[in-house]
1. Please report the antiparallel percentage of DSSP beta bridges with both residues in the protein assembly as shown, rounded to the nearest 5.
2. Collect residues whose amide H, placed 1.01 Å from N in the peptide plane, falls under 5 Å from the amide H of A:Ile348; neighbours closer than 5 in sequence don't count.
3. Please name which of A:Ser121, B:Thr299, B:Asn130 has its Cα lying farthest along the dipole of the protein assembly as shown towards the positive end, using unit charges on Cβ (Lys, Arg +1; Asp, Glu -1) and the Cα centre as origin.
4. Could you pull out the pairs from B:Lys43/B:Lys277; B:Lys150/B:Lys251; A:Lys174/A:Lys345 whose alpha carbons sit more than 22 Å apart here?
5. What's the angle, to the nearest 10 degrees (0 to 90), between helix B:56-71's Cα axis and the longest principal axis of chain B?
6. Could you give the alpha-carbon Rg of the stretch B:171-326 over 2.2 N^0.38 Å, rounded to two decimals?
7. Please report B:Lys11, B:Lys60 as a ranked list, fewest other C-beta atoms within 10 angstrom at the top and most at the bottom.
8. If you take the Cα Rg of the stretch B:124-253 and divide it by 2.2 N^0.38 Å, with N the number of residues, what do you get?
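Every read-out reported here was derived from the displayed coordinates using simple, explicitly stated rules and does not represent laboratory data. Note that the coordinates shown come from a computational prediction; the quantities given were computed from them, not determined experimentally. Cβ placement follows ideal geometry from the backbone for every residue including glycine, while neighbour counts extend to all protein chains displayed.
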Amino acid sequence: MNRRNFLRNTGFVAAGSLFVPAFMKPLEAMALDELSLYKNLVVVQLSGGNDGLNTVIPFGNDIYYQKRKSIAIKPEEVIKLNDMQGLNPNMAALQEIHDQGWMTIINDVGYPNPDRSHFRSMDIWQTGSDSNQFLSTGWIGRYLDSNCQTCKFPYTAIEVDDSLSLAMKGQTKKGIALKDPAALFRNTNDPFFKAMLQNDREHLDEDNLGYLYKTMIETSSSANYIQNTSKIYQSKSTYPNSGFANQLKTVSKFISSGLKTRVYYVSLSGFDTHVNQIGQQGNLLKQYSEGMAAFLKDLKTNNKLDDTLVITFSEFGRRVEQNASNGTDHGTANNMFVFGGKLKKQGIFNAAPNLSDLDTGDLKYQLDFRQVYGTILDKWLDVNNADILNKKFNTLDFI
Amino acid sequence: MNAKDNFLKVKHLYNRAGFGISYTDLQKLSKKNLEKVVDNMLKDSQKDDPIKLVNDFESKRQLLVQAGLYAKKDLTDDEKKMRQQIVREQNEVSRDLNIAFINQMINTDAPLREKMTLFWHGHFACRSNNPFFAQQLNNIQRDNALGSFKTLLVEVSKSPAMLQYLNNQQNRKGKPNENFARELMELFTLGRGNYSEQDIKESARSFTGWMYDKDGSFIFRENLHDTGTKTFFGKIGNFEGENIIDIILEKPETSQFIARKVYKFFVNDNPNEDHVKELATHFYNSKYDIASMMKKMFTSDWFYSPENVGTKIKSPAEFLVGLSREFYVTYNKPQVLIQLQSSLGQYLFNPPNVAGWPGGQSWIDSSSLMLRMRIPSLVLNDGEIDFSGKADPEDEAVIALSRVATTNANANTKPKSYVNANADWPKFLGTLPKGLTPLALTEFLLQPKLNDKITGMVSDNKGLRSTAVEITSMPEYQLC
């Protein structure tokens, strides 16, 4: 007996077919309409607080070498991008991406009164709140709530994971989390699950029970749509063998098979490098860069790179001065990576961090992370950023 | 008194005020007058079992060692190792503490006290890396769960866990830190809009010097306390923390804020403002006696009206505890309870922020609902787990220390894992009356009214055990 079945050993068999009331029209039956120019956003989260200064190295600044005696990356090892900054040697895979003009680095992104707790700062980045404000919805979730022309489907936002991040949860709409479309498809096509949806319209107007049933119907519909749209697609590109690369491979499969999803969310974890940072961070940056390079080239091959924008963030950067354990402690502002085929400004977007003007040992931020979100909302997802971020943020010129 | 009617009311009461009820107890209690049942429940919950997992003495010793290491500038390799060892132990004990709280809820015979503890756990939401602090706060919430709200509030405010979490350790004369004062009013008592920024500033000054010392005991450091005159809600004086709390409690807005939150937790996500007012007035007039407010609520007719029965989405903790309690589940690898909590979005002792878990429909998204519907078969039928929860951001340091774990956490090749739990079926079935039909079992296990579909699904007599697994896997089982 298949242990994956919803109800092992209960011998439940469904009869009849899935009934869905007319006002909950199945998504697969909707007209594949005006959405020919489909722009995708891929959000990459580096969890744990990636040390930005050992990612994009300010090799042109002596202060960096003074503050990081045992963990600084030597100038001769840095992959130089200009006279001041360059990449960690473990990121060699991104050199080609940079040279193609598919990459922008935004320095010193942060927010006022930064919080050094992982959880709280991640909360702030995912909800787009001020540091003394508690929001229970995420910035992408509120984009879904806005019910704009391009975000009406329940599969508008997909997180390639088992559970859904706060960033993807709106008040009335939420993204969908799935690691493997085939597994979700199996679950929603389980006889028990289907039987639960059968002939059930009386609940839909009830508040909480109706919400549960609507969620099930949307999940089932989305699972069918995602599986049926993407299953035939076979990627010809090779990806490195890592969990992170696998997530990106799934995203590429979805984008390349023409899924009408606008936002994808993936994450890579383990960046809280208080102790012996060099090896651990190097290993992660290698996974990140090799996975990302394979992904971007795959998109290019499939002619989707111009329609895709990738951003990478971490909840905070780390302190400028290293600690006594050859690691770094929680800090504030950090750099963000932006990738895509249609970047307005390529390479390094703004000035390198000013290491001589610190706030009690921490970088001062130049740009609010919500300016980056705001730019994407306005210029890429075609909504008014003030509607999503609760106040208007000035946009930037990277796209 | 209609017997069937009382049966449903007692069931509702125990589902909301506790974590469900066994069929045997339900039958017994249904014969009693409802007010008596409520009184009994309050009486049962006079029993107060604090969690005693973390050893006081050992924790204080550890705190002193930590403080010593923290103060030192250059640590030897051995000292560094010692520091890491302490952090590792604390992480491990924190997980054990989480499981101890869950087990306490599963096994308690003071269900209302534990349910209220869970309520205060979300109301006074707090995170602490130190399991001793976390246990202490949890026990404060349990001890005072049904007592005086004032005592509860004062003790929470003096607990090292909260002093640390809301930065009152950094709140000093001349250099006030307003974090605690702000959350005290915004989230713990008055609610937004009922105070000014000036009130926050002045009360922050009043809480200067509220700290804990090296071994984790509350201490009022007079030399760090701002003894100047403060103006708080129009009152002028040389206020200290407790004066501020008194003034806050004098304002009826506090009783309204707490009553509304209690109502949303126990009655309905969408509060009926008349009922909330009734409750708040009672709470205020009883000088913030929590048990008295609870009794008022549980004996009100509206508590049992149809719009309030079977219409609330269970929190992950209510769902897991209720299921485990109902079927007498033993977890052979209790760590799985942590995985389940984090996948379902409520990892106890780790609230998203000081505002606690938002609750209601926010518990449910496609993946959490699918998982909830599969958990009964995983737990009751020993199914295979094919999901992994996200790492908690606070665990990142642990992940970073063990590279192997990082690679595995992201890789697709994982060994098969099972919940490895045992439901005590004979015991469960033994609580049911002889000849109970699958339909009657369904009526017992589900809170929402049954419809034709469910009646049809369970009427083909698969036996009670299969029926039970089926029912608990339904969306209707997510409601209480």
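1. Percentage antiparallel, nearest 5: 55.
2. HN-HN under 5 Å from A:Ile348: A:Ile105.
3. Value: B:Thr299.
4. Beyond 22 Å: B:Lys43/B:Lys277; A:Lys174/A:Lys345.
5. On a 0 to 90 degree scale, this one is about 50.
6. Relative to the rule-of-thumb radius for its length, the stretch B:171-326 sits at 1.29.
7. Taking fewest neighbouring Cβ atoms as first place, the list is B:Lys60, B:Lys11.
8. Taking N as the residue count of the stretch B:124-253, the ratio is 1.00.
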